[in-house]
Every structure is written in structure tokens, then in C-alpha cells.
Amino acid sequence: MTTATIKTIFLAAVIAVLVWVFAEGESLSSRTLVVSVAFPVEASNDLVIRPEDANFRGQIRVRLEATTRTLDAAALAVGGVGGTIRLMPGAPGVPATPGLRQVVELREAIGAIPELRALGSTVAEVEPRQVLVDVIKMASRELPIRVEMPRDNAPALDGEPTVAPVMATLRVPESLLARLPDGGASVTATVGESEVRRLRPEGAQTVVIPLRPPPELDGFGPVVLIPESASVLLRVRRKVETMRIATVPVWYSLPPTDDAASVSIQIDDRFLTDVTLTGPADELTRVRSGTLSVKAMIELSSEDLTKPSVVKPAQFPGLPPGVTASAAGQNVRVRIEKRKP
């Protein structure tokens, strides 16, 4: 056998193998996958799709037909084993208008996946073939946020609770808006007993409270609130106590334009007796400990300095916020004498 003959035989064998490989790659094969389908269910969407069968969990069985060469890519195009296919309203096989008991044609919907069509692959079978769904149109309404305090063990507050923001966006099926009263619906931020227990005894504090839809929508859905929570500012009333001080010294002040050296001031009532302080307990504790001193003050005017004597009401300057002072007799007698030059 000549060298040329051997080369011809070898070339023919290679061509035969290539033809066989190509034929095998282009031969039709099938594969069955178990994947999931998901519909838009978030209430923030304009349309929500809900399966009629509450037990439908989205799992379907898909049998693909493709060439041996493209079968793996076709399987990946539908999400692979355990993958999820998202079907949106208006896609092939998926209804686009609101209504009840509409049909989703799963074979048509999955067969229209662009990557799958580009491979020339087909969906031979889907089980189940159809899913009955409700297509729900969502609508929005702006509602005020109302703060609700617990009926029992509620703290005493200075003023009303303040909420931020003051409005929330309610997203519900359009048909449910008719259930809301005109002008009277609101979203509720309920301050529960657990939040109350965490409050400090006094002062302004902020708590973050989840928002609750209007009670007229209880048992209906889907419902979403934007935002989902609000900040509530509570000003817990400070505990008020009373204490008595036996004596408080009386000071005086002169106008800055007058010469203090030109007059002699004699206070007849140098102390106020039986002074009562009323105010927050923590501030009165400062007085008891000596951290904060209390004094009485009278202010003399330029006209007062021209008189031999005056009676002036004493005030209590420098008291902390919320603390008041009083005495049985707050009028102080003052004698004034001009000094000789």
C-alpha cells in the first residue's frame, strides 16, 4: 500500500469522525428540570399577581428539547435545577390587566425566555401547564400618623407625643380604598408597654415604633406602608417635689449708672424665712446637697436711691428650669442714706 493511499484512508477516517461528532452534537436530546416560578407580589409594584391556589408554592417540572450541544446552555437559561423564573405582567403567557381567576400559560411564558429562543431550544412539556391567578391593581393614599399610648401604666407626659414623619404612604389593592372612611383614616404608631418600660424616668426621649395600617383593612391584603416605622418623641413629665428652707439671705443690686459709694444701704429684713421650693426632684436634690444655693434678690432703681426708705419685693434668681420659690413674706424693707461727699 502506497503512502498516498494511507494518507487518503486516514483523511477519510478523520472526516468520518468529525461528521459523526457533528451529528451527535446536533442530535435532539431532552432534559427535565424542577424549577420555581415567581410572580410580582410586593405591594410596592403597580400590579400584584397572587395564585388562586393558596397551596401553590411555585414549583414546576419543565422538559426541554435541544441539541446535545446546546442542552446544558438551555438548562441554564431557565435557571438550572432549583432556579427561579420571574414572570412579569404582560410577558408572553402572563395576563397584563387586573382581574380574578386569570390563566398563566407556563409553557408559553417559559418558552419565550430570550436566551432559550436564541439557542433554538423548545419547551416540550410543563407540569402544571397553567396556573390560575388574581391580578391585583395597587393604589396609594397618603394618611396621617397617629400615636397611641398604652391605656395602663402610661407615663405622665408634658404635652402630646410628636411623631416624625407625620404622614405615611399606604399601598393597597385599589378595591380596598373604598373601605377607608373619608377624612378619618389614619396610620397608627402604638407605643407598647415594652417601650414604656425602657423609658427613662424624666426628659425628652425618642422611640422607633412600627406603623400599623388602619383597622378597616384588618384581614385584607396585600398592604404595605412607606415608611414601615416612625420616630415618636415623648417628653416624660419630671417628678415634682417640695422642700422648705428655714432662711434665705437677701441680696440687693443697684443700677450700673449709680455710684454705690454715694449711698448707704441698710436691709432691715436680711433673711426671708420659711421659703418653699417646688420643682423636679433631681434639681431639689442639688439644693439639699449644697451643690446649688438659693438666694433672694431685690433690685433698687435710681429713683429708689432718692428716697430714705423703700419696700421692695424679693425675687429668686438663678433657680433651675422648672423650680419655683415662694415665702410667706417677700417684701423687704430697705433704708437708704446719702453719704456726705
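The values are calculated or read from the model by the stated rules, or taken from the named source; none is laboratory data. Model, not experiment: these values are computed from the prediction. Glycine also receives a Cβ, built like all others from the backbone with ideal geometry; neighbour counts cover every protein chain displayed.
Answer with yes or no whether P256 is farther than 30 Å from R200 by Cβ and at pLDDT below 90. Break it down into steps so the answer makes sense when it comes.
On the way: farther than 30 Å from R200 by Cβ: yes; at pLDDT below 90: yes.
Yes; evaluated as a whole, the condition is true for this residue.
Here are some residues: V131, V135. Which one is out of contact with any Lys or Arg (no Cβ under 9 Å at 6 or more places or on another chain), among the β-branched types (V, I, T) and surrounded by 12 or more Cβ atoms within 10 Å (Cβ to Cβ)?
Working: V135 fails: out of contact with any Lys or Arg (no Cβ under 9 Å at 6 or more places or on another chain).
One residue alone meets the criteria, V131.
Of note, S194 satisfies the criterion of being out of contact with any Ser or Thr (no Cβ under 8 Å at 6 or more places or on another chain), closer than 30 Å to A43 by Cα and not aliphatic (A, V, I, L, M).
Going by the conditions given, is A261 farther than 21 Å from Q315 by Cβ, among the small types (G, A, S) and exposed (fewer than 13 other Cβ atoms within 10 Å of the Cβ)?
On the way: farther than 21 Å from Q315 by Cβ: yes; among the small types (G, A, S): yes; exposed (fewer than 13 other Cβ atoms within 10 Å of the Cβ): yes.
When the stated conditions are applied, A261 passes them.
Can you confirm whether R50 is in contact (Cβ under 8 Å) with a residue 12 or more places away in the chain, in contact with a helix residue (DSSP H, G or I) (Cβ under 6 Å, 6 or more places away or on another chain) and in the same structural domain as P114 (by TED's automatic domain parsing)? Considered against the rule, which asks whether it is in contact (Cβ under 8 Å) with a residue 12 or more places away in the chain, in contact with a helix residue (DSSP H, G or I) (Cβ under 6 Å, 6 or more places away or on another chain) and in the same structural domain as P114 (by TED's automatic domain parsing), R50 comes out as no. Can we say G80 is under 29 Å from S29 (Cα atoms), modelled with pLDDT under 85 and not in a helix (DSSP H, G or I)? Spelling it out, G80 is indeed under 29 Å from S29 (Cα atoms), modelled with pLDDT under 85 and not in a helix (DSSP H, G or I). Would you confirm, using the coordinates I've provided, whether R238 is over 12 Å from the mean Cα position of the chain (by Cα), over 27 Å from D182 (Cβ atoms), modelled with pLDDT under 90 and surrounded by 17 or more Cβ atoms within 10 Å (Cβ to Cβ)? Here the answer is yes, as R238 does meet what is asked.
Given the structure, is R286 under 28 Å from T257 (Cα atoms) and either hydroxyl-bearing (S, T, Y) or in contact with a Pro (Cβ under 8 Å, 6 or more places away or on another chain) (or both)?
Values: under 28 Å from T257 (Cα atoms): no; either hydroxyl-bearing (S, T, Y) or in contact with a Pro (Cβ under 8 Å, 6 or more places away or on another chain) (or both): yes.
It is false that R286 is under 28 Å from T257 (Cα atoms) and either hydroxyl-bearing (S, T, Y) or in contact with a Pro (Cβ under 8 Å, 6 or more places away or on another chain) (or both).
Evaluated against (1) more than 29 Å from the chain's Cα centre (by Cα); (2) in the same structural domain as P214 (by TED's automatic domain parsing), D72 falls short on exactly one condition, (2).
Given the structure, is P249 more than 11 Å from V187 (Cα to Cα), of a type outside the set (D, E), exposed (fewer than 14 other Cβ atoms within 10 Å of the Cβ) and touching a residue at least 40 places away in the same chain (Cβ under 8 Å)? Judged against the criteria, P249 is a match. The number of residues in region 193-220 being in a loop (DSSP other than H, G, I, E, B) and surrounded by 15 or more Cβ atoms within 10 Å (Cβ to Cβ) comes to 3. In the set (1) assigned to a strand (DSSP E or B); (2) farther than 24 Å from L47 by Cβ, the condition left unmet by V172 is number (2). For region 72-99, a residue qualifies if it is surrounded by fewer than 18 Cβ atoms within 10 Å (Cβ to Cβ), within 18 Å of L33 (Cβ to Cβ), in contact (Cβ under 8 Å) with a residue 40 or more places away in the chain and not small (G, A, S), and the qualifying residues are V81, T84, R86. Restricting region 268-285 to residues that are at pLDDT below 90 and crowded, with 16+ Cβ neighbours inside 10 Å leaves a set whose member that is nearest to A325 (Cα to Cα) is G279.
More than 30 Å from A154 (Cβ to Cβ), of a type in the set (G, A, S) and either modelled with pLDDT under 90 or in contact with a Phe, Trp or Tyr (Cβ under 8 Å, 6 or more places away or on another chain) (or both): is that true of S326 in this structure? I'd like the intermediate steps shown before the answer.
On the way: more than 30 Å from A154 (Cβ to Cβ): yes; of a type in the set (G, A, S): yes; either modelled with pLDDT under 90 or in contact with a Phe, Trp or Tyr (Cβ under 8 Å, 6 or more places away or on another chain) (or both): no.
Spelling it out, it is not the case that S326 is more than 30 Å from A154 (Cβ to Cβ), of a type in the set (G, A, S) and either modelled with pLDDT under 90 or in contact with a Phe, Trp or Tyr (Cβ under 8 Å, 6 or more places away or on another chain) (or both).
In this structure, V147 does not qualify as over 30 Å from L199 (Cβ atoms) and crowded, with 17+ Cβ neighbours inside 10 Å. When region 37-77 is filtered for residues that are assigned to a strand (DSSP E or B), charged (D, E, K, R) and under 15 Å from V103 (Cα atoms), only R50 remains.
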